[in-house]
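Please treat every number below as a calculation from the coordinates, not as lab data. The model shown is predicted, which means the values in this text are computed figures rather than measured ones. Don't worry about glycine lacking a Cβ; one is built from the backbone with ideal geometry, like all the others, and counts go over all protein chains shown.
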Amino acid sequence: MTLPEVRKPFFDRWKARSILRILLALLFVQLATLGHDAIGQTKESEDENPPSNEEFLRQSVRSLFERTFDDFPEAGSHPVFLQAEREHPANWLLEDELVSYLLSMKYQVALRSSEPEGNSREFNSLFYRIIEMRLDYPEVRRKGLLGGRMVSRRASLNLSFRLEGGAAGRVLWTKRGQEENSDLVKRSRVKSINNDSYPILNPSLPDDPQSRFLEPALVAVVVGGLIYLFFASR
């Protein structure tokens, strides 16, 4: 047996062992990272309970109010009647938030239907229109190779307001506000934050092809490679 023939199996075993050590080191680093992320996610879930879809949408509406009503006329002695310019499935939510906001700003608020016919008392009418009010889940993704699935949640608002004075309908103020907010929630929490009673608060989840095909294949390849290198190095 020649010297190169003796050294070749030794070199192959040394190379296989070196590759095995590198892969094991990378695997340990990945597992350590995932463990750290898992601990962080656990603490986050304990310290921060994700709001329901309804509350998340209401928070977005309030944020829009803070910017849109910054130049709204000061409260006077005239009551403000609220009236939707057109039908929308979320009018109830917007009107509810409008009443709460205006009352907190010391306005007298009532619904148009509560004003008696023929009442000559001066009043202002606040018309509101929902151009867009949407809640959706744009994306499902993982944290790390084997981490838990996270769902991105997004609220998109585009609202129009117009304040008219008295029976003559004189325009006193008009404004259009837009808002977009987003956050991340665990995939396992989606069912608990949805509201099946209102379609706008129960959006559908997008497909997650990465979890169904790519990640299991990657895990199988890595594990199979480690097993092969382990026995090849013996």
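Numbers below:
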quantity	calculated
Gained length - residue 134 relative to residue 149, 0.36 nm times residue gap less alpha-carbon distance	3.1 nm
Ranking of 92, 173 by count of other Cβ atoms within 10 Å, fewest first	92, 173
Residues 105, 150, 133 arranged by fewest to most Cβ contacts within 10 Å	105, 150, 133
Electrostatic dipole magnitude of region 49-203 [Cβ: Lys, Arg +1; Asp, Glu -1; Cα centre; debye, to 20]	920
